[in-house]
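The values are calculated or read from the model by the stated rules, or taken from the named source; none is laboratory data. Computed from a predicted model, the values in this text were never measured in an experiment. Cβ coordinates were reconstructed from backbone atoms using ideal geometry, including for glycine residues, and neighbour counts include every protein chain displayed. All accessible areas refer to the heavy atoms of the entire protein, side chains included, with ligands and DNA or RNA removed. Shrake-Rupley method; radii C 1.70, N 1.55, O 1.52, S 1.80 Å.
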Amino acid sequence: MTQMGTTLREDVADGATDVMLGGAQAAGELGLSRAEFARAVQLGIVRAGPRTLGGAARYARAELDRVGSAAEPPGALREQVETVAGAEAAAEVVGVGPSRFTRLARCGHVTPVGYRINRYRAVVWLYLTKELRSFAAREPALLRGIAPSADRELMAAKTDLRPRSWRGRHVGLLLRRTADPWERAAVLASVLPEVELLEAVPDPAERIVLAALGPPPPYGHPQVPAAAAVASGLLKAGPPDEIHWYRTSLDFALAGARDQSKSTGERGPT
């Protein structure tokens, strides 16, 4: 009897680790706000489980336990996902003036982790506080004195690498979440402008598959049409060399996806 009771308790304990929670409850379990939890998922700190039939993300109790036990000391997890918004707040973390920080960001020395669109329809970039502090400690020479010649050339050309560097980060994080070739191809396809996508994927059936598997807009993407139009422009590659890189990457991903379909007899992820 005792042995049976022990086995039952062990089975219940094992089953508890398989419980799936929604995003709001999972965030509460880790002591994070919804925005902080979304950032943790984006960065790959928290791994999502299988989605519901309606497409909602779910998170395993075992995964939350893993993340919680790894986040030591208390507050360490929140520190990993803490962000600041805009040049003024970011400059304060780094210890420089807003104009210098803007130049550093425009020239690609720091990479945004997200964005907001303010009421004036201007992009407000978000930066990880932890990364800003690391940058300041690693590159003290860039925080004072005259800008390097490369930066001066970029500024003279009115270059702004923030959208491109954010896209690169965003796509990289999305690709890390899946090994399926069709899903990886969908991530790359989502960055290409429509004209380029039509040329890269002439088969309408394949475009339907890629659209269905494409990633949703990142957390915080605005719903108001005017702001959403501004934000949607950030999701597409712009400079010709950037477009070429994503198109070449898509060609490679599609080759693997098509090979998979030939072996399974089905178009789409396995």
For this session: Extending each Cα 7 Å along its Cβ direction at L161 and Q80, get the distance between those two points in nm, one decimal.
Result: 2.7
Problem set entry | Within-12-Å neighbourhood charge of A76 [Cβ basis; K, R +1; D, E -1] | -1
Problem set entry | Derived scalar couplings ³J(HN,Hα) [the range 152-158; Karplus, 6.51 cos²θ - 1.76 cosθ + 1.60; whole Hz; x for Gly, Pro] | 5, 5, 5, 5, 5, 8, 6
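Would you mind working out the magnitude of the charge dipole of the chain relative to its Cα centre, with +1 at each Lys and Arg C-beta and -1 at each Asp and Glu C-beta, to the nearest 20 Debye?
Values: 34 positive and 30 negative charges, 168 e Å.
With only Lys, Arg, Asp and Glu charged at Cβ, the dipole is about 800 debye.
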Seminar exercise, completed: In debye to the nearest 20, the charge dipole size for the range 135-184, taken about the Cα centre with +1 at each Lys and Arg Cβ and -1 at each Asp and Glu Cβ, equals 100
Exercise. Alpha carbon centre of the range 47-66 versus the range 106-132: separation in Å?
Worked result: 28
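Students often check this: by mean Cβ neighbours within 10 Å, which of 59-68, 172-181 ranks highest, and how do the rest follow? Show your work: numbers first, answer last.
Numbers: 59-68: 17.1, 172-181: 14.9.
Order by mean packing, descending: 59-68, 172-181.
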Problem set entry | Amide proton proximity set for I117, modelled H, under 5 Å, gap of 5+ | V124
Problem set entry | S249 accessible area, 1.4 Å probe, all protein chains in place, Å² to nearest 10 | 30
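Before rounding to the nearest 500, sum -39500 (n - 2.57) across all DSSP H runs of length at least 4 in the chain and divide by the residue total; then give [θ] at 222 nm in deg cm²/dmol. Can you show the working numbers first?
Numbers: 15 runs with 159 residues, N = 270.
One gets -17500 deg cm²/dmol as the mean residue ellipticity at 222 nm.
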Exercise. Which lysines have a Cα less than 23 Å from the Cα of K158, not counting those fewer than 8 places away in the same chain?
Worked result: K236
Problem set entry | ³J(HN,Hα) computed for each position of the range 39-46 - Karplus, 6.51 cos²θ - 1.76 cosθ + 1.60, integer Hz, glycine/proline x | 5, 5, 5, 4, 7, x, 6, 10
Exercise. Rounded to the nearest whole Å², what accessible area per residue is found for the range 197-253 with the 1.4 Å probe?
Worked result: 57
Problem set entry | From phi via Karplus (6.51, -1.76, 1.60), per-residue ³J(HN,Hα) for the range 243-255 in Hz, x at Gly/Pro | 4, 4, 5, 5, 5, 4, 5, 5, 4, 5, 5, 5, 4
For this session: Positive end of the charge dipole of the range 92-250 (Lys, Arg +1 and Asp, Glu -1 on Cβ, about the Cα centre): tell me which of L192, H221, A147 has its Cα farthest that way.
Result: A147
Problem set entry | Summed side-chain charge close to A150 - residues other than A150 whose Cβ falls under 13 Å, Lys, Arg +1, Asp, Glu -1 | +1
Problem set entry | Surrounding net charge for R103, when Lys and Arg each add one and Asp and Glu each subtract one, Cβ distance under 15 Å | +1
